[in-house]
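Worksheet: one structure, shown below.
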Amino acid sequence: MPISVTALSITPVKSTRLQEVDGIELGRTGVPDNRRFYIVDRRRHLINGKRLGELNAIVAQYAAPRLKLTFPDGAVVEDDVRLGEEVETKFFSVTDSGRLLEGPFSQALSDYAGQPLELVEARASAIDRGSMGVASLISRASLARLAQENGDHDIDWRRFRMLIEIDGVDAHEEDTWLGRATRIGGAVITWGGNVGRCLTTSRDPDTGEIDLPTLDMLRSYRGEIKSTEPLPFGINGGVVEEGKVQVGDVVELL
């Protein structure tokens, strides 16, 4: 059975609901417009699903210059993206700069969350691990192995917020790709590290409610695995050759 791409997922606003797509253009800074925007609190520190799981319930759509946010009650906020002042933001342990969005978005997010929030456009993309981690990948076999810790109940792959899902390998075989490159469709990716897991994965990918003890499940059989990050599940890497990736594309280990 050839290794192939079975799903791709992106979102224009970091921490909002992932949406599956048929194809992506993968560049050295990631997928254009994927995580183009991110949300900060009054201190201008990043707000993500770990801190505010309700963001999972927001559906964000972007087709330049138009951004649309659909909230779980059906309310829609839509406007052209207009950039305001440049601000310094705290993105995990890194201080970075971005541009505040003018218009209705920040107020709508604040009303929804019950706290002051602002929507910011990233300088490149709001990817957690920078240019060396713009692509992330998990296999269906790894998801099936984790599901064994959940009584073999299916686990939605969007819970792990990965870019690429593949099939055709054994459980966690992708871990052996670290330090190597793969051609996926028209792109070549060098895999540099494991993706360590946090509380975000415990949240339902549609509602944001904590409903699955994924960290305990991973700890039960992956807690002592030697890895670049604790509780590893999936891998990430940098793009060395840009190109289009589509569902159904063959994955070739180089």
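The values are calculated or read from the model by the stated rules, or taken from the named source; none is laboratory data. This one's a predicted model, so the numbers in the text were calculated from it and none came from an experiment. Ideal geometry is used to build each Cβ from the backbone, glycine not excepted, and the neighbour counts take in all protein chains shown. We work out accessible area using only protein heavy atoms, side chains counted, and drop any ligands, DNA or RNA first. Shrake-Rupley method; radii C 1.70, N 1.55, O 1.52, S 1.80 Å.
Fully extended, how many nm does the chain gain between residue 226 and residue 244 (0.36 nm per residue separation, minus their Cα-Cα distance)?
So the extension gain works out to 3.2 nm.
Under a 1.4 Å probe, what is the accessible area of segment 85-235 per residue, stated in Å²?
Computed with neighbouring chains in place, this is 45 Å² per residue.
Could you do me a favour and compute the accessible area per residue for segment 7-57, 1.4 Å probe, result in Å²?
On the way: 1980 Å² over 51 residues.
About 39 Å² of surface per residue is accessible.
In debye, nearest 20, what is the charge dipole magnitude of the chain about its Cα centre with +1 on Lys and Arg Cβ and -1 on Asp and Glu Cβ, if you could check? Please report the intermediate quantities before stating the final value.
On the way: 30 positive and 40 negative charges, 139 e Å.
With only Lys, Arg, Asp and Glu charged at Cβ, the dipole is about 660 debye.
Which aspartates and glutamates, on any chain, are close to residue 90 with Cα under 14 Å apart, when same-chain ones fewer than 8 places away are left out?
Correct list for residue 90: 41, 118, 121, 128.
Going by average Cβ neighbours within 10 Å, how do the peptides 6-17, 219-230, 198-209 rank, with the highest at the top? Provide the component values of the computation, followed by the final result.
Values: 6-17: 22.2, 219-230: 13.3, 198-209: 17.7.
Highest-to-lowest ranking by the protection proxy: 6-17, 198-209, 219-230.
Per 0.36 nm of contour for each residue apart, how much would the distance between residue 206 and residue 79 grow if the chain were fully extended, relative to their Cα-Cα spacing?
Computed gain between residue 206 and residue 79 is 43.3 nm.
With only Lys, Arg, Asp and Glu charged, each at its Cβ (+1 for the first two, -1 for the last two), find how big the charge dipole of segment 57-96 is about the Cα centre; round to the nearest 20 debye.
For segment 57-96, the charge dipole is close to 180 debye.
Looking at 122, 110, 148, which one has the Cα that reaches farthest to the positive end of the dipole of segment 45-157 (charges on Cβ: Lys, Arg +1; Asp, Glu -1)?
148
Net charge around residue 141, counting only other residues with Cβ within less than 12 Å of its Cβ (Lys, Arg = +1; Asp, Glu = -1)?
Net charge in that neighbourhood comes out at -4.
In Å, the Kirkwood hydrodynamic radius of segment 28-70 over pairs of distinct alpha carbons?
Mean inverse Cα-Cα distance, inverted, gives 12.0 Å.
From the phi angles alone, apply the Karplus equation (6.51, -1.76, 1.60; θ = phi - 60°) to segment 230-245 and give each ³J(HN,Hα) in whole Hz, x where the residue is Gly or Pro.
Values, residue by residue: x, 6, x, 7, x, 10, 9, x, x, 8, 9, 9, 6, x, 8, 10 Hz.
Of all accessible surface on the chain at a 1.4 Å probe, what whole percent is carbon and sulfur? Spell out each step's value before the answer.
Details: 5290 of 11460 Å².
Roughly 46 percent, rounded to a whole number.
Out of the DSSP beta bridges found with both residues in segment 121-212, what percent are antiparallel (nearest 5)?
60 percent
Can you show me the helix-derived [θ] at 222 nm for the chain, built from DSSP H runs with n ≥ 4 at -39,500 (n - 2.57) apiece and divided by the number of residues, rounded to the nearest 500.
Result for the chain: -3000 deg cm²/dmol, rounded to the nearest 500.
Using 0.36 nm per residue, how much length does the chain from residue 198 to residue 180 gain when fully extended, once their Cα-Cα distance is taken away?
On the way: separation 18, 0.36 × 18 = 6.48 nm, distance 2.56 nm.
Going from the current span to full extension adds 3.9 nm.
According to the square roots a ≥ b ≥ c of the eigenvalues of the Cα gyration tensor, what is the shape class of segment 48-165, taking rounded for a/c under 1.5, prolate for a/b larger than b/c otherwise, and oblate for the remainder?
Here segment 48-165 falls in the prolate category.
Describe numerically, in nm with one decimal, the distance between label points set 7 Å from Cα along Cα→Cβ at residue 86 and at residue 42.
Taking the two extended label points, one gets 2.7 nm.
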